[in-house]
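Undergrad: Quick one: the structure is below, questions incoming.
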Amino acid sequence: MDNRSTHRIRAGWLIDGSGGPILKDRVISVESGMISDISTASEVRPGSGPVTDLSRCVILPVLVDSHVHLCMSGSVDPILRSGQLRAGYDALAPVIAEHLRHHFSHGVLAVRDGGDRLGSVLRYLQERQGRSENPVIVKSPGSAFHQDGRYGSLIGAPPRPGESLLQAWHTRPNRTDLVKIVNSGLNSMTRFGAQSPPQFTGSELGELVAEAKRCGCRVMVHANGRLPVQEAVQAGCDSIEHGFFMDRDTLDMMAEAGIFWVPTVYTMKAYAQHAGVCSAEIDPKVAEKNLQSQLQQLAYARDRGVEVALGTDSGSIGVLHGESMVEEMKLFMQAGYSLSEVIRCASEQGARLLGLQELGAIGVGKPAHFLVARGTPAQLPRKLSYLEAIYLNGLPSPLYRRDPDYTTLRAYEGVDFGGKVRY
């Protein structure tokens, strides 16, 4: 079918990504790859054009994972993880490609990378600019900024001696429209609720955020604990990453300021599940308590209207690229989000955070990009791991293939991209 022609697609159920009610028995009209109309099936006149019958399926927006680490595999094998963290670009490039294929196979069409020490993801994107190997959009800061001697060496670098945070940003080569700042440590896996002090002063953060925004850049801040998060919020950052142990007053500040939160809840569940395999330094009881605390914060954020975008932190221990979206969605629902609200956090909200006008909610005037899941809404989000099809510009993408054992992808020329990464 020519994507310049007009055709119609009948959906058994439509989750449009707005967070509103699930719509039943809808017909999406597509013209030249764009959505020209959405009607109820009873409103469509017989003989008004070809119709693709997906009446036994759910149609929903393509997904956005707002926090990933493409250089890390999610492996629980300490030897493999250590090797990946020390690897050079030549070894990491195929890892990045494989992870992007996993995202695509689960309907994730855009990701925001959290940075790596060598800027390998940014180099990968620059070297493959203009190629059509994979349609996943990637936003990356290159590498993050952290304070010398503090957490962050795996994902970035500190300013040079005598250099301010703002000066470090100005002198960094290959700047992008995304800035990543690390303003706290990691969560303790042995002491529940332990908080680390901020890495930078409020004035340092404020200077960089103001200049970045003047240049049209967005700023994501890794921050856990009340003070590191509040500093970043007061500085006017675009998003708080992780945000464990913020407290309700801080969430109220975020709601008032309209600052996004990417809570990465599933990381703690994965730590609890794999504690005995990946590290003796992880207390599964502490990880479980961290998880419950984050779920309570997420429930409060929903009630207070905090802007929340779904991000998995895939590449973290036990958090696999692509399929961890399903696990993160389940936890959002456990915190009180409806299925429609979760899909909004994983599509429209993520697209807004990343500044992607072409993605987000399904609506008239938008590109006809969407996912097809066979079954009913009650079978979501589980069915996202077994998609029926991925539509791009109104047509099933030839890059997506599904077999009974494992989702594999093939390029247009038929080269097999199948095969599993060692997890």
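Undergrad: Is it the case, given these coordinates, that residue 194 is hydrophobic (A, V, I, L, M, F, W, C), at pLDDT below 95, surrounded by fewer than 18 Cβ atoms within 10 Å (Cβ to Cβ) and farther than 28 Å from residue 98 by Cβ? Steps first, please.
TA: Numbers: hydrophobic (A, V, I, L, M, F, W, C): yes; at pLDDT below 95: yes; surrounded by fewer than 18 Cβ atoms within 10 Å (Cβ to Cβ): yes; farther than 28 Å from residue 98 by Cβ: yes.
For residue 194, the condition - hydrophobic (A, V, I, L, M, F, W, C), at pLDDT below 95, surrounded by fewer than 18 Cβ atoms within 10 Å (Cβ to Cβ) and farther than 28 Å from residue 98 by Cβ - is met.
Undergrad: Quickly run through the stretch 97-110 and pick out the residues that are surrounded by fewer than 23 Cβ atoms within 10 Å (Cβ to Cβ) and of a type in the set (A, V, I, L, M).
TA: Of everything in the stretch 97-110, just one residue is surrounded by fewer than 23 Cβ atoms within 10 Å (Cβ to Cβ) and of a type in the set (A, V, I, L, M), namely 97.
Undergrad: Condition first: in contact with a Phe, Trp or Tyr (Cβ under 9 Å, 6 or more places away or on another chain) and either modelled with pLDDT under 95 or surrounded by 21 or more Cβ atoms within 10 Å (Cβ to Cβ) (or both). Now tell me which residues in the stretch 351-371 satisfy that.
TA: Taking the stretch 351-371 first, the residues in contact with a Phe, Trp or Tyr (Cβ under 9 Å, 6 or more places away or on another chain) are 352-353, 362, 368-371.
Passing the criteria: 353, 362, 368, 369, 370, 371.
Undergrad: From the list 64, 95, which one is closer than 28 Å to residue 340 by Cβ and of a type in the set (A, V, I, L, M)?
TA: From the options 64, 95, the qualifying one is 64.
Undergrad: Could you tell me which residue of the stretch 118-140 is modelled with the lowest pLDDT, considering only residues that are touching a helix residue (DSSP H, G or I) at 6+ places or on another chain (Cβ under 8 Å), closer than 24 Å to residue 171 by Cβ and part of a loop (DSSP other than H, G, I, E, B)?
TA: 118
Undergrad: Limited to the stretch 245-289, what total is found for residues that are in a helix (DSSP H, G or I) and of a type in the set (A, V, I, L, M, F, W, C)?
TA: 13
Undergrad: Mind telling me which of the residues 323, 341 ends up being touching a His at 6+ places or on another chain (Cβ under 9 Å), surrounded by fewer than 21 Cβ atoms within 10 Å (Cβ to Cβ) and not aliphatic (A, V, I, L, M)? Break it down into steps so the answer makes sense when it comes.
TA: Numbers: 341 fails: touching a His at 6+ places or on another chain (Cβ under 9 Å).
Criteria check complete, one pass: 323.
Undergrad: Now, a different point. Looking for something free of Cβ contacts under 8 Å to residues at least 40 places away in the same chain and either under 28 Å from residue 106 (Cβ atoms) or not in a helix (DSSP H, G or I) (or both) - is there at least one such residue anywhere in the stretch 299-311?
TA: The answer is yes, given that some residue of the stretch 299-311 is free of Cβ contacts under 8 Å to residues at least 40 places away in the same chain and either under 28 Å from residue 106 (Cβ atoms) or not in a helix (DSSP H, G or I) (or both).
Undergrad: Any residue in the stretch 374-383 that is buried (at least 22 other Cβ atoms within 10 Å of the Cβ) and either free of Cβ contacts under 8 Å to residues at least 40 places away in the same chain or among the polar types (S, T, N, Q) (or both)?
TA: no
Undergrad: Continuing with the same structure: Cβ contacts < 9 Å: first residue within 21 Å of residue 216 (Cβ to Cβ), restricted to the stretch 159-184; second residue of a type in the set (Lys, Arg) and outside any loop (DSSP other than H, G, I, E, B), any location; separation 6+ or different chain. Result?
TA: What qualifies is 174/123; 176/139; 177/139; 177/218; 178/112; 178/139; 178/218; 179/218.
Undergrad: Let me ask you something else. Report, by residue number, each residue of the stretch 104-140 that is under 13 Å from residue 70 (Cα atoms) and of a type in the set (Gly, Ala, Ser).
TA: 110, 114, 115, 119, 120, 140
Undergrad: Sticking with this structure for a sec: Check the stretch 94-109 and report whether any residue there is touching a helix residue (DSSP H, G or I) at 6+ places or on another chain (Cβ under 7 Å), within 20 Å of residue 128 (Cβ to Cβ) and without any contact (Cβ under 8 Å) to a residue 40 or more places away in the chain.
TA: Yes, there is a match, as at least one residue in the stretch 94-109 is touching a helix residue (DSSP H, G or I) at 6+ places or on another chain (Cβ under 7 Å), within 20 Å of residue 128 (Cβ to Cβ) and without any contact (Cβ under 8 Å) to a residue 40 or more places away in the chain.
Undergrad: Can you tell me which residues in the stretch 197-228 are out of contact with any helix residue (DSSP H, G or I) (no Cβ under 8 Å at 6 or more places or on another chain) and surrounded by 15 or more Cβ atoms within 10 Å (Cβ to Cβ)?
TA: 213, 217, 220, 222, 224, 225, 227, 228
Undergrad: Mind checking which strands (runs of 3 or more DSSP E) fall wholly inside the stretch 15-90 and carry at least 3 residues that are surrounded by fewer than 22 Cβ atoms within 10 Å (Cβ to Cβ)? Break it down into steps so the answer makes sense when it comes.
TA: On the way: elements: 23-31, 34-40, 51-60, 63-68.
Ranges flagged: 23-31, 34-40, 51-60.
The values are calculated or read from the model by the stated rules, or taken from the named source; none is laboratory data. On a predicted model such as this, the values are computed, not experimentally measured, just so you know. So basically every Cβ, Gly included, is an ideal-geometry build from the backbone, and we count neighbours across all protein chains shown.
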